[in-house]
Amino acid sequence: MNVIEAKNVTKIYKPLDFWKKEKIVAIRNINLEIKKGEVFGLLGLNGAGKTTLMKIFLGLLKPTSGTVRIFNDTIENRKIRERIGYMSELPYFPKYLKAYEILDYFADLFNIDPKIKKDKINEVLEIVRLSGRQNFKIKAFSKGMQGRLGLAQALLNDPEILFLDEPMSGFDPLGYKETRDIIIELNKKGKTIFFNSHILSEVEKVCDRVGVLHRKEIIDVQPIDQILKKHKNLEDYFINIINDEKVKK
Ligand SMILES: Nc1ncnc2c1ncn2[C@@H]1O[C@H](COP(=O)(O)OP(=O)(O)O)[C@@H](O)[C@H]1O
Ligand SMILES: [Mg+2]
């Protein structure tokens, strides 16, 4: 069963500079299907359009043309939004707040029943390995801990699909491993995970399938085990496919 279906999705941004009038085509004719229960990794160079595509899936941006179905429905439907979680590229939290206070605030935004709120916050803190840090202020949090707090926030509504935009950027190797373990655990609990990352060694370890977004288009989608039959690792595959495209142009 597909939980996300994109058909001919194109996004053209308005010109940033009034005088230039040049429109920016961010992504073009994207067709992509994400299956229930899979971990899907979207690869692409900086500026390839990964964040744009994710924001369209989330309903934060409207496609210029094309359609997106989430759970065979439209993302405009509030009931559908309740079933997804999102961690943005650079989650920002006020430094003077405590981790618990931040999750408490988001729990209210999610309309979580006050009777179960405390348990829910403790549960997500435990999933992201931040139990015991709930009374630390964000200014005492490392980048990795802030990233994990971003993930905790995305888990508060117990989403069926998790969208993670560069969940490991700026982390150290221990941070990679912790995030990877959390993603695997969440997936075992049945969650579908769609994420972008440049850390190819990690993508290789967690994903079932990957797609490559290059020059605004999806140029390949494959199960990771197929890729690893032909390439020594994901990095080797990625560099090859990007270089091949350069030769074609
Ligand atoms: N709000 C915006 N207005 C105009 N151009 C944008 C906007 N957001 C992104 N872009 C452009 O769209 C392209 C794709 O960006 P993005 O989706 O952020 O790529 P990625 O996440 O793969 O790095 C880039 O050329 C970027 O400069
Ligand atoms: Mg991005």
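Each reported figure results from applying straightforward, stated rules to the coordinates on display, with no laboratory input. The structure displayed is predicted, hence computed values, not measured ones. Cβ atoms come from the backbone with ideal geometry, glycine included; neighbour counts cover every protein chain shown.
How much net charge surrounds GLN134 when only the other residues with a Cβ under 14 Å from the Cβ of GLN134 are counted, with Lys and Arg +1 and Asp and Glu -1?
For residues surrounding GLN134, the net value is +3.
Do you know the relative contact order of the range 50-158, to the nearest whole percent, from alpha carbon pairs under 8 angstrom that are 6+ apart?
On the way: 102 pairs, mean separation 34.1, N = 109.
It comes to 31 percent, rounded to a whole number.
Run the reach check for LYS14 against aspartates and glutamates, Cα to Cα strictly under 15 Å, same-chain hits fewer than 8 apart removed. What comes back?
Filter leaves GLU22.
Looking at the range 125-249 from every direction and averaging, what is the projected area of its Cα convex hull in nm²?
On the way: hull surface 36.0 nm².
Dividing the Cα hull surface by four gives the mean projection, 9.0 nm².
Given an 8 Å cut-off on Cα distances and at least 6 residues of separation, report the relative contact order of the chain as a percent.
Numbers: 431 pairs, mean separation 59.8, N = 249.
Reported as a whole number, the value is 24 percent.
May I ask which of LYS120/LYS188; LYS50/LYS137; LYS21/LYS143 have a Cα-Cα span longer than 27 Å here? Each step should come with its number before you reach the end.
Details: LYS120/LYS188 19 Å; LYS50/LYS137 32 Å; LYS21/LYS143 38 Å.
From the list (LYS120/LYS188; LYS50/LYS137; LYS21/LYS143), the Cα-Cα distance tops 27 Å for LYS50/LYS137; LYS21/LYS143.
So how far apart, in nm, are the two label points at LEU16 and ILE184 if each is 7 Å from Cα heading toward Cβ?
3.9 nm
I need the Debye-formula profile for the chain: one equal scatterer per C-alpha, no solvent, reported as log10 I(q)/I(0) at q = 0.08, 0.11, 0.12 1/Å, two decimals.
-0.33, -0.62, -0.73
Select from VAL124, LEU174, PRO15 the residue farthest towards the positive end of the dipole of the chain; place +1 on Cβ of Lys and Arg, -1 on Cβ of Asp and Glu, and compute about the Cα centre.
The Cα lying farthest towards the positive end belongs to PRO15.
For GLU76, what charge total do you get from the other residues with a beta carbon under 12 Å from its beta carbon, if Lys and Arg give +1 and Asp and Glu give -1?
On the way: positive: LYS62, ARG69, ARG78, LYS79, ARG81; negative: ASP73.
Every neighbour counted, the sum reads +4.
Excluding VAL25 itself, what net charge comes from residues whose Cβ is under 9 Å from its Cβ, given Lys and Arg +1 and Asp and Glu -1? Write out the running numbers ahead of the final one.
Working: positive: LYS11, LYS23, ARG28, LYS216; negative: none.
Value of the local net charge: +4.
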